[in-house]
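Input: a single structure, listed below in structure tokens.
The values are calculated or read from the model by the stated rules, or taken from the named source; none is laboratory data. In this text the structure is predicted, and so the values were computed from the model without any measurement. Using ideal geometry, Cβ is built from the backbone for each residue, glycine included, and neighbour counts are taken over all protein chains shown. Heavy atoms of the whole protein, side chains included, go into the accessibility calculation; ligands, DNA and RNA do not. Shrake-Rupley method; radii C 1.70, N 1.55, O 1.52, S 1.80 Å.
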Amino acid sequence: MGFLRIRTTVDERPGRLASLASALADRGGNILGLSVQSDTDGTVDEFVADIPANPETVREALEAAGGRRVQVVPATAHELTDEPTRALLLASRLRSMPWRLPELLAELLRADDARWIYGEAVSDLPDPTQLVVPVAARRAVRLRRADLPFTLTEAARAASFARLAQPAVEQSGGERAVKLGDGAEVTVRPLTSIYREAVRDLHDRCSPESRRFRYFTSMPALPARMFDRLCDRSQGYSLVAGHDGQVVAMANLMFTPDPGIAEMAFLVEDRWQGLGLGTAMARMLVAAARDLGYAEVRATMLSDNARMRRLLVSLGATLGYTEDPGVVEARLPVGALASADRRA
């Protein structure tokens, strides 16, 4: 018997995980650990299994069961420790010894090599065996791992882990001023229940087309239960932009059952569109998703919503059609925004 660490990209369809587990069981495998991660082209299932079959046999069996990009590498019994417990222990060590960040990041992600890099430009060429974790404006940790490429979920874990070694950021009460393309200034704040009437008025002032782009129907008013859900910080994080006593835009980041994925959507009053407000609020939502440990932000939009498509592509999102030909899905890794800023 031998321990193997197995990764495979899977289609997000009911029963796919059961097919993979059955394929391992048919080769005498006993699954001892399972995690689900997000990556650029789908969901990645990772198994640690005690299995008598050789790695090539396991790879062929999982590919036959519907797995894609299957990778199988040897593992050890010590990799069977509870992952959240292991991460918390490493976090405790980092808090007392922040100068050991590269070493502890390597241990967290089981990387082969980790080292500081200073003032180096990060290549835009995709290299799945390398992960660069920004720590400051011109300082980062570069990780390398030959056997298993890094996933988006691991990138998010690494970024969250690195922030433990950084000084606390001064909070400004959650209020930020944004200067727009026409010189006007709006104030962005977290959405709370005190904005119920102001959000209702925002919907009244928006055109049916703007509401259709946001809700897929020209919803004349926001139902009370939906507003309450948007205010619930256990279900998401929402922002409103105000000017001269009115709410002129709302941006919503909603948590999903999918691991590492949040969804965002926007409603901007017509006369405030095209001034950079949506872009500014999108950046704030992606930053919030990063701080909350999410690996990817997604947005679902109508295919004729050209302004939203341009906005998300400018931030580094990739677009793809869904089963509905009139609906497009944008996928934005939280690290893509930093890459876009470096190229700008």
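Looking at the structure I just gave you, is Met250 at negative phi and touching a helix residue (DSSP H, G or I) at 6+ places or on another chain (Cβ under 7 Å)?
So Met250 fits the description; yes.
So which of Thr57, Thr9, Thr43 ends up being open to solvent by 30 Å² or more (accessible area, probe 1.4 Å) and either modelled with pLDDT under 85 or more than 15 Å from Thr76 (Cα to Cα) (or both)?
Residue meeting the stated conditions: Thr57.
So the check is Cβ under 8 Å with 6+ separation or different chains; which pairs have a first residue in region 105-118 that's closer than 19 Å to Leu89 by Cα and a second one that's assigned to a loop (DSSP other than H, G, I, E, B) and among the small types (Gly, Ala, Ser)?
Leu105/Ala111
Output the residue which, of all residues in region 320-341 that are exposed (fewer than 11 other Cβ atoms within 10 Å of the Cβ) and modelled with pLDDT under 90, is farthest from Ala162 (Cα to Cα).
It comes out as Pro325.
Mind checking whether some residue in region 230-243 is open to solvent by 20 Å² or more (accessible area, probe 1.4 Å), hydrophobic (A, V, I, L, M, F, W, C) and assigned to a helix (DSSP H, G or I)?
Yes - at least one qualifying residue is present in region 230-243.
With the checklist (1) within 20 Å of Val133 (Cβ to Cβ); (2) open to solvent by 30 Å² or more (accessible area, probe 1.4 Å); (3) touching a Ser or Thr at 6+ places or on another chain (Cβ under 6 Å) in hand, flag the one item Trp116 doesn't pass.
(3)
Sort out which residues of region 178-210 are under 20 Å from Leu275 (Cα atoms), in contact (Cβ under 8 Å) with a residue 12 or more places away in the chain and part of a loop (DSSP other than H, G, I, E, B), and write them in order of number.
Listed by number, the residues that qualify are Leu180, Gly181, Asp182, Ala184, Cys206, Ser207.
Considering only residues that are under 16 Å from Met254 (Cβ atoms) and open to solvent by less than 30 Å² (accessible area, probe 1.4 Å), which ones fall in region 199-214?
Hit for region 199-214 is Val199, nothing else.
Within region 293-302, can you find the residues that are touching a strand residue (DSSP E or B) at 6+ places or on another chain (Cβ under 8 Å) and either open to solvent by 40 Å² or more (accessible area, probe 1.4 Å) or under 30 Å from Arg163 (Cβ atoms) (or both)?
The answer is Tyr294, Ala295, Glu296, Val297, Arg298, Ala299, Thr300.
Would you check which residues across region 137-192 are touching a Leu at 6+ places or on another chain (Cβ under 7 Å) and at pLDDT below 85 and list them?
Hits for region 137-192 are Leu164, Ala165.
Which condition number does Arg307 fail, the rest of (1) closer than 15 Å to Ala330 by Cβ; (2) at pLDDT 95 or above; (3) open to solvent by 30 Å² or more (accessible area, probe 1.4 Å) being met?
Failing condition for Arg307: (2).
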